[in-house]
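A short write-up of the structure that comes next.
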Amino acid sequence: MAQPGPALDHDRALGSAVQRPACGAEAFTVDPKALAAGGHKKHTTYPYVTGTSVLGITYKDGVLLACDMLGAYGSTKRYKSFERLYKVNDCTVLGASGELSDYQYIKRLLEELADDDFCLDDGHHMKPHEIFSYLTRVIYNRRNKMDPLWNSLVVGGWYGGKPFLGSLGMIGTYYVDDTVATGFGNHLARPIMREKHRPDMSESEARALLEECLAVCYYRDKNSINKFQIARVNAEGTSICEPFALPTMWDYELFRDPSKHAEGVW
């Protein structure tokens, strides 16, 4: 068998050079042989289409999750009916912010688990804390491969007569609390929920508090729109409401003249 000559080696070197732009960014692979050349395949190395904050709160009879329905392409409000709340089973709901394609991948993983539960047909299904633990392992595993899923997730559920609410970040960090928020909502909505939340809140009180926080996020977050959904999990099951809008008012003094009380700024 003939050995490859210098000309062939030169072509291979040239081919590998044109696969990556001079700026160092990933190039689109044209030659299928380049796919077999090795290297870990990366799906999302930078978030493009993203969703903003997800809010969660517990009350005495269940859990509520809320978020808007915007899929933002950079700063462009591109997709205005993207559902970021997902019913996993009758006792668990998932909310996601961050890269929406990675969120769709996570949904497929959970659908596989749900299919396994259905096929076993043993009367059991995954509990909220089990799904939460599974997702922490998935996120942390992808982080260790240096190919993270660019999402912050909120898992809410009801099991054994108790509410469950937890949040996890894109590097596998997680916590469980009575109130959680992702993204900008951590700074805008979480302080309000901490101040006004009570363990004995009714569903109507919890919903009113969530709507107040959603309005604050909408006023202050440019990647938010006035189109929201709220998911409820309680002893009766899981439900996600139809999209709705909140009443807004833009006549506040500081909205009309933002620099009035901040001399020296633009």
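None of the figures in this text is laboratory data; all of them are computed from the coordinates on show. Please read these numbers as outputs of a predicted model, since none were measured by experiment. Virtual Cβ from ideal backbone geometry, glycine too; neighbours counted across all protein chains shown.
Expressed as a rounded percentage, what relative contact order does the stretch 49-240 have, with Cα pairs under 8 Å and six or more residues apart? Walk me through the intermediate numbers first.
Numbers: 423 pairs, mean separation 64.7, N = 192.
That works out to 34 percent.
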With the convex hull built on the alpha-carbon atoms of the stretch 174-266, volume per residue in Å³ sits at 151
Over all directions, the stretch 49-240 yields a Cα convex hull whose mean projected area in nm² is 10.4
Hull volume per residue for the stretch 106-147, using the convex hull of the C-alpha atoms, in Å³ is 64
Rounded to a whole number, the Stokes-Einstein D of the stretch 46-117 in µm²/s (Kirkwood radius over Cα pairs; 10 °C; 1.306 mPa s) is 120
Going fewest to most other Cβ atoms within 10 Å around each Cβ, Ser53, Ser239 line up as Ser239, Ser53
With x for Gly and Pro, the residue-by-residue ³J(HN,Hα) of the stretch 158-165, computed from phi through the Karplus equation 6.51 cos²θ - 1.76 cosθ + 1.60 at θ = phi - 60° and given in whole Hz, is 9, 7, x, x, 10, x, 10, 8
Each label sits 7 Å from Cα toward the beta-carbon; between Lys80 and Tyr105 the label points are separated, in nm, by 3.0
Over the Cα atoms of the stretch 57-161 the radius of gyration and the largest Cα-Cα distance (Dmax), both in Å, equal 14.9, 47
If the chain between Glu212 and Met146 were fully extended at 0.36 nm per residue, the gain over the current Cα-Cα distance would be 20.0 nm
Checked against a 22 Å limit on the C-alpha separation, the offending pairs among Lys196/Lys222; Lys80/Lys107; Lys80/Lys145; Lys80/Lys196 are Lys196/Lys222; Lys80/Lys145; Lys80/Lys196
